[in-house]
Amino acid sequence: MEELVYGLDRRTRKLCKLYFRLVNYLQPDFFLDFFPSSPCYRFYVTAACKKVSYHQINHEFSFDDVNEKEHLATKCCVAHIPLTNNYQDSVDCVLNNLSSDSVLVLEGIKKDKDTNLFWKKLIKDSRVGVTFDLYYCGIVFLKTNMTKQNYIVNY
């Protein structure tokens, strides 16, 4: 993969590998990529899971924009949202519409005071189960039947 996708900085490569592993493990039906900072995410995601339906979202998001919206509430989905633009509305929309088997990845949780505060509020949200703080990003599992726990991982 590193030979096929070149010219990436260290952090982007690290995140690409994380998304590859996460998608390879979950084998989701959908990957929602909000305002992607790099086109390489699509390559890594589709290489990890052949059945995934990749949706790149570069505008104000509504679930009406996704053709398979009726399936999103019942299928496994991974949503990648960088904490830029209007991220609060995007995260809220995703939390309200995805199934409990879904996972949310938030990039930039420690970028500034506002994003750090948003991350701390999200950890306490009743729609959220287990969370992982990887400093560069946060991983949120929506299974609420698991014991609520926040893990801080040096990644």
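Just to check your reading of the model, which residue among Lys111, Lys120 is over 14 Å from the mean Cα position of the chain (by Cα), without any contact (Cβ under 8 Å) to a residue 40 or more places away in the chain and not in a loop (DSSP other than H, G, I, E, B)? Only one candidate passes the filter, namely Lys120. Summed over the stretch 16-34, residues that are open to solvent by 60 Å² or more (accessible area, probe 1.4 Å) and either at positive phi or of a type in the set (D, E, K, R) (or both) total 3.
The set of residues from the stretch 21-60 being assigned to a helix (DSSP H, G or I) and over 25 Å from Thr74 (Cβ atoms) comprises Cys40, Phe43, Tyr44, Ala47. The set of residues in the stretch 17-37 being without any contact (Cβ under 8 Å) to a residue 40 or more places away in the chain and over 13 Å from the mean Cα position of the chain (by Cα) consists of Lys17, Asn24, Tyr25. Looking at the stretch 143-152, is at least one residue among the charged types (D, E, K, R) and in contact with a Ser or Thr (Cβ under 6 Å, 6 or more places away or on another chain)? Yes - at least one qualifying residue is present in the stretch 143-152.
Listed here are the residues, each with its yes/no results for (1) within 16 Å of the chain's Cα centre (by Cα); (2) crowded, with 18+ Cβ neighbours inside 10 Å.
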| site | (1), (2) |
| --- | --- |
| Ser99 | yes, no |
| Val103 | yes, yes |
| Leu106 | yes, yes |
| Thr115 | yes, yes |
| Thr144 | no, no |
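For the stretch 126-149, a tally of residues being in a loop (DSSP other than H, G, I, E, B), touching a helix residue (DSSP H, G or I) at 6+ places or on another chain (Cβ under 7 Å) and not aliphatic (A, V, I, L, M) returns 2. Please indicate, with yes or no, whether at least one residue in the stretch 78-90 is open to solvent by 40 Å² or more (accessible area, probe 1.4 Å) and farther than 27 Å from Cys40 by Cα. Scanning the stretch 78-90 turns up no residue that is open to solvent by 40 Å² or more (accessible area, probe 1.4 Å) and farther than 27 Å from Cys40 by Cα. When the residues of the stretch 123-155 are filtered to those that are in contact (Cβ under 8 Å) with a residue 40 or more places away in the chain and aromatic (Phe, Trp, Tyr), the one that is nearest to Asn24 (Cα to Cα) is Tyr155.
Identify, from the list Lys121, Lys110, Lys148, the residue that is surrounded by fewer than 21 Cβ atoms within 10 Å (Cβ to Cβ), at pLDDT 95 or above and of a type outside the set (Phe, Trp, Tyr). It would help to see each step written out before you state the result.
Working: Lys110 fails: at pLDDT 95 or above; Lys148 fails: at pLDDT 95 or above.
Step by step, each of Lys121, Lys110, Lys148 is checked, and only Lys121 is surrounded by fewer than 21 Cβ atoms within 10 Å (Cβ to Cβ), at pLDDT 95 or above and of a type outside the set (Phe, Trp, Tyr).
What residue, of Ser99, Ser90, is in contact with a Ser or Thr (Cβ under 7 Å, 6 or more places away or on another chain) and either modelled with pLDDT of 85 or more or part of a strand (DSSP E or B) (or both)? Just one listed residue meets the conditions, Ser99.
The values are calculated or read from the model by the stated rules, or taken from the named source; none is laboratory data. Because the structure is a prediction, the values reported are computed rather than measured. Positions of Cβ are generated from backbone atoms using ideal geometry, with glycine treated the same way; all protein chains shown enter the neighbour counts. The area values use the complete protein model at the heavy-atom level, side chains included, leaving out ligands, DNA and RNA. Shrake-Rupley method; radii C 1.70, N 1.55, O 1.52, S 1.80 Å.
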